[in-house]
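First up is the structure itself, then whatever we jot down about it.
The values are calculated or read from the model by the stated rules, or taken from the named source; none is laboratory data. Bear in mind the structure is a predicted one, so any value in this text is a computation, not a measurement. With ideal geometry, Cβ positions are generated from the backbone for all residues, glycine too; neighbour counts draw on all protein chains shown.
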Amino acid sequence: MHNTLLFGPVMISMTPGEKIEISSLSEMRDFLEAWPPARRGLSYGTAAEGCEARGQGMRAEGGA
């Protein structure tokens, strides 16, 4: 996966008081791979599809 930076960091609340910052496509992919399979619903599917589409777009453009 690409280490391309996002437009801006994305802050995700995991639990009250626990937040993580995602600032690249590779960090997003790592986060999605760690998502518990039993909790993968619509939000997961939308995020995973968007991440994959961006990665494919970058490969087609000859990006990093």
Next item on the list: Could you please tell me which pairs satisfy a Cβ distance under 8 Å, a separation of 6+ or placement on different chains, a first residue in segment 27-45 that is modelled with pLDDT under 95, and a second residue that is of a type in the set (Gly, Ala, Ser)?
Entry: Met28/Ala47; Arg29/Gly55; Leu32/Ala47; Leu32/Ala48
Notebook entry, point to check: If you go through segment 3-43, how many residues are closer than 18 Å to Gln56 by Cα and part of a loop (DSSP other than H, G, I, E, B)?
Noted result: 2
